[in-house]
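Take a look at the structure below.
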Amino acid sequence: MKFVDYYKIMGVEEDASAEDIKKAYRRLARKYHPDVSKESNAEAKFKELGEAYEVLKDPEKRTEYDELRRYGGVAGEEFTPPPGWQPHAGSRGGFTDADAAHFSDFFETLFGNSRHGSHYSTASRGSTFAMRGEDIHYRIPVSLEESYDGATRNISLHTHRLDQRGQAVPDIKTLTIKIPKGVTDGQKIRLRGQGGSGIGGAPDGDLYLEVELTPHRHFIAENRDITLILPISPWEAALGATVQVPTLSGLVNLTIPANAKAGQKLRLKGKGLPGKPAGDQYVVLQIVIPEVKSDADRALFKDMQEKMTFNPRTRLGV
Amino acid sequence: MSPKTHAHSPEILSDSVGYNLQEFCELCVADAQRVVEMVELGVLEPAGENQNEWRFSAYSIMRFQKAQRLQHDLEIDLPGVALSLDLLESIESLQKQVRSLQEQIRQLLGSK
């Protein structure tokens, strides 16, 4: 197993006081808490931090850890405890505040027994041991088309089950999941009883899926509404036109009013993601000026320049 | 390893579905006193005037769980949890708006 440097994880010196360690823990816990931080490795960091604090906040465990560290532990390198090494802190057989189910092998070998259960659970720990299965949280990428049409998806979940000896062993669960129509970014989906298995007759945990809408080439989703930037020519803008516009349900005809302005927003009611009510599609007009490529092109613009009175800068007063 | 395969119909956690206090407690594996305390301090905001009429949305299950974790892990008191959750939610909604606007700007300027 690899040696884990708890002082480094907490960013404190070896001689840090209990007060300093507590302060460092609180600061880093706020930073890496998975409900607060958006960093992808926040959960791993938070667990690592919890483990480090579990050892360093306890004077006995800390003393033992310091001994091992002096014995030659270097972060990330292979480490074997000295022959005959026994923990004195009495952590075996007793439960501590933190749930050790997700602690490293290093911690398990040195300080405690592996226990099964939800990371955040504070369920009953009596002699008749029963614990609800862990809730599993999972992010699931969904394209806009899949949200619009609905989709079926197979996912593999890493979970735990108990073997014959009552040891928690890793398990892989494969589920076929129907993605409901009209799911939006960040939406949570619950599958009851599809989380980790309960112990001692306690119910199984739930599976929570968080939808992550993948970016689309043209459509920009915000909740159930879709925005599309629609390029039009100056004459379509000036004279009005009917143009074809892509929507999630295919092409539709859109009437552009005469004297349309750049940035003008037109609404296609109910053309967003399905739901009650369905979202709308907004079309934002973008006026694209054609590149002048020939003398004839240049002549057309010259003609406008000479014949039209137009000051685009009246707003600026110049 | 024991791969199991089933087709499952999921529930979307929305603001619309209503659970009463007892159902909500069962879903959250929580005792009523704890839930009542969270309602009093504004962590949870069920519809309905009094306890007997309370209706919790499915979304508030997530909020309850987050509140439990924040309080346990960061040692924040419940009014602080309520404030944190409100701020986290408004940050999330602002981030969505920013992403959407950035993408609109990108397309308007890039125009490819």
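The values are calculated or read from the model by the stated rules, or taken from the named source; none is laboratory data. No experiment lies behind these values; they were computed from the predicted model shown. FYI the Cβ positions are ideal-geometry reconstructions off the backbone, even for glycines, and counts take in every protein chain you see. Ligands, DNA and RNA are excluded from the accessible area calculation, which covers all protein heavy atoms including side chains. Shrake-Rupley method; radii C 1.70, N 1.55, O 1.52, S 1.80 Å.
Within the shell defined by Cβ-Cβ distances under 15 Å, the residues around residue A:149 carry a net charge of +3, with Lys and Arg each +1 and Asp and Glu each -1.
You can think of it this way: the chain between residue A:292 and residue A:31 has 88.5 nm of extra reach, that is 0.36 nm per residue less the Cα-Cα gap. Among the listed pairs A:8/A:61; A:22/A:47; A:45/A:173; A:23/A:45; A:2/A:45, a Cα-Cα separation exceeding 21 Å is found for A:45/A:173. Could you give log10 I(q)/I(0) at q = 0.21, 0.28, 0.29 Å⁻¹ for the range A:263-318, computed by the Debye formula over C-alpha point scatterers of equal weight, without solvent? Values, matching the q order: -0.90, -1.06, -1.07. For chain B, dividing the convex hull volume of the Cα atoms by the residue count gives 219 Å³ per residue.
Normalised by the number of residues in the range A:212-274, what is the relative contact order in percent for Cα pairs under 8 Å and 6+ residues apart? Worked out over the range A:212-274, it gives 30 percent.
For chain B, the relative contact order works out to 24 percent when only alpha carbon pairs closer than 8 Å and six or more residues apart are counted. Rolling a 1.4 angstrom probe over the range A:119-232 with all protein chains present gives an accessible area of which 47% lies on carbon and sulfur atoms.
For the range A:1-36, backbone nitrogen atoms closer than 12 Å to the point 7 Å from residue A:70 Cα along Cα-to-C-beta are found at no residue. Think of each Lys and Arg Cβ as +1 and each Asp and Glu Cβ as -1; about the Cα centre, that makes the dipole of the range A:176-318 roughly 380 debye.
About its Cα centre, the dipole of the range B:6-112 is roughly 780 debye, where the only charges are +1 on Lys and Arg Cβ and -1 on Asp and Glu Cβ. Taking label positions 7 Å along the Cα-Cβ direction at both residue B:49 and residue A:153, the computed distance is 4.4 nm, reported to one decimal. Rounded to the nearest whole angstrom, the semi-axes of the ellipsoid equivalent to chain A, taken from the Cα gyration tensor as √(5λ), stand at 61, 27, 15, largest first. Dividing the summed helix terms, -39500 (n - 2.57) for each DSSP H run of n ≥ 4, by the number of residues in the protein assembly as shown produces a 222 nm estimate of -10500 deg cm²/dmol to the nearest 500.
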